[in-house]
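Each remark here refers to the structure printed beneath this line.
Nothing in this text is a laboratory measurement; each read-out follows from the coordinates by a stated rule. From a predicted model like this one, the values you see are computed outputs, not experimental measurements. Because the Cβ atoms are built from the backbone with ideal geometry, glycine has one as well, and the counts that use them run over all protein chains shown.
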Amino acid sequence: MAQVIEAADIDFSMYMDLTEAQQRVKPATSWRQMFMDHIAGKLTGPKGVHLPWAKAEGKVVFTPGCVSLWIGINGHGKSLLLGQCVLSWCAQGEKVCVASLEMKPFKTIERMAHQWLDTRFPNADQGQQFMDWSDGKLWLYDQQGTANRKTMIGAIRYCAKELGITHFVVDNLIKCVKADDDYEGQKAFVDDLTTVARDENIHIHLVHHARKAQDEFSPPRKMDSLGAGSITNLVDNLMIVWRNKRKEDDKAKGKDVDEMDSDALLLCDKNRHGDWEGRISLWFHQRSTQYIAHPRDTAMTMRAYPHDADRGATR
């Protein structure tokens, strides 16, 4: 079953206080496998995980040692979409820990179970299936409210070193700094994240809010990240989640809408290690609360290959 990491039960101090020298001075044998793979000609391009949708495959690759910033207007579904991505990354063989500082682990598990099971009302057998599947794949860091910056860094190091976590989600940045206008704190925290991602060779996903605009009908862009502008310079990838509120408003008013007009967009506005930047159109699947690649698609399965639904597979 999904495992919960209780902050009060673990002493993160030894992971918080690791010095730069302790992190950087390593025996030559630390690079043994890399060197042997090089000799054998096995070293290829950077490996990583992909987004859940087949039409997005290869566009953005979330490689070890990097940080991705996920931004969006408040209420536009950043955490929900990222939760679906987490399930996909688990299905791709990764170990993922989610630190949701605004939501209790139970609620996070409940939302992910809905997406994985394709139902909002699972029975006991279905619930057990999800918990069994998540065992050894999914961890949750149990802390809500403001998180001390050093403690969060210590928790990430602990997860990487002791649990073998390969992806860590911090939801969200504002909970790890003093205030929205604590620009120095924001920059320092993101700088710390880039260091620990590199040192521990994991990928860190950081959720953040976009600045308030005149309305919600246009997607935010790179410069619309709330707070310190420098944080977008520090991260490797910038992903933007946007809901089509105009379409939602028109439907609520009983107006005719074009169902081929997407319900949401996922935009890549920075891709340091790739060539593609652009937008991916998505539609919301009500029963599963998943984002799907086409309005006539069924919910995707995450039990094996992550893109099965896009290729016509069924549960």
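Structure above, values below:
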item: Paired Rg and Dmax values of the stretch 152-213, which use every Cα atom, in angstrom; result: 12.3, 42
item: Contact order relative to length of the chain, as percent, for alpha carbon pairs under 8 angstrom and 6 or more apart; result: 24
item: Diffusion constant of the stretch 173-245 at 4 °C, which comes from Stokes-Einstein with the Kirkwood Cα-pair radius and 1.567 mPa s, µm²/s; result: 98
item: Hull-based mean projected area of the stretch 20-124, where the convex hull spans the alpha carbons, in square nanometres; result: 10.9
item: Residue of H38, H205, H76 that the Gaussian network model of the chain assigns the largest fluctuation, springs spanning Cα pairs under 10 Å; result: H38
item: Projected label distance in nm at N74 and M103, using a 7 Å step from Cα toward the beta-carbon; result: 1.7
item: Other-chain or far-sequence residues with amide H under 5 Å of L206's (modelled H); result: S68, L69, W70, V170
item: Size of electric dipole in the chain: Cβ of Lys, Arg +1 and of Asp, Glu -1, about Cα centre, debye, nearest 20; result: 380
item: Gain on full stretching of the segment that runs from D125 to R221 - 0.36 nm per residue minus C-alpha separation; result: 30.2 nm
item: Potential lengthening between R211 and D180 on full extension [0.36 nm per residue; Cα-Cα distance subtracted]; result: 10.1 nm
item: When each of K187/K270; K78/K247; K47/K95; K59/K187; K95/K222; K212/K245 is checked by Cα-Cα distance, pairs over 23 Å; result: K59/K187; K95/K222
item: Calculated over the stretch 230-289: convex hull of Cα atoms, volume per residue (Å³); result: 114
item: Residue of E162, E216, E102 that the Gaussian network model of the chain assigns the largest fluctuation, springs spanning Cα pairs under 10 Å; result: E162
item: Mean separation of Cα contacts under 8 Å (6+ apart) over length of the stretch 39-155, as relative contact order %; result: 24
item: When the convex hull of its Cα atoms is projected in every direction, mean area for the stretch 116-169 (nm²); result: 5.1
item: Alpha-carbon Rg with Dmax, taken over the chain, Å; result: 19.7, 67
item: Projected area, mean over directions - the stretch 97-222, Cα convex hull, nm²; result: 9.6
item: Alpha-carbon centroids, the stretch 59-130 and the stretch 156-196: separation in whole Å; result: 18
item: Stretch gain in nm, segment R246-E277, where the contour uses 0.36 nm per residue and the Cα spacing is subtracted; result: 8.7 nm
item: Sorted by Cβ neighbour density within 10 Å, fewest at the top, the residues W116, W276; result: W276, W116
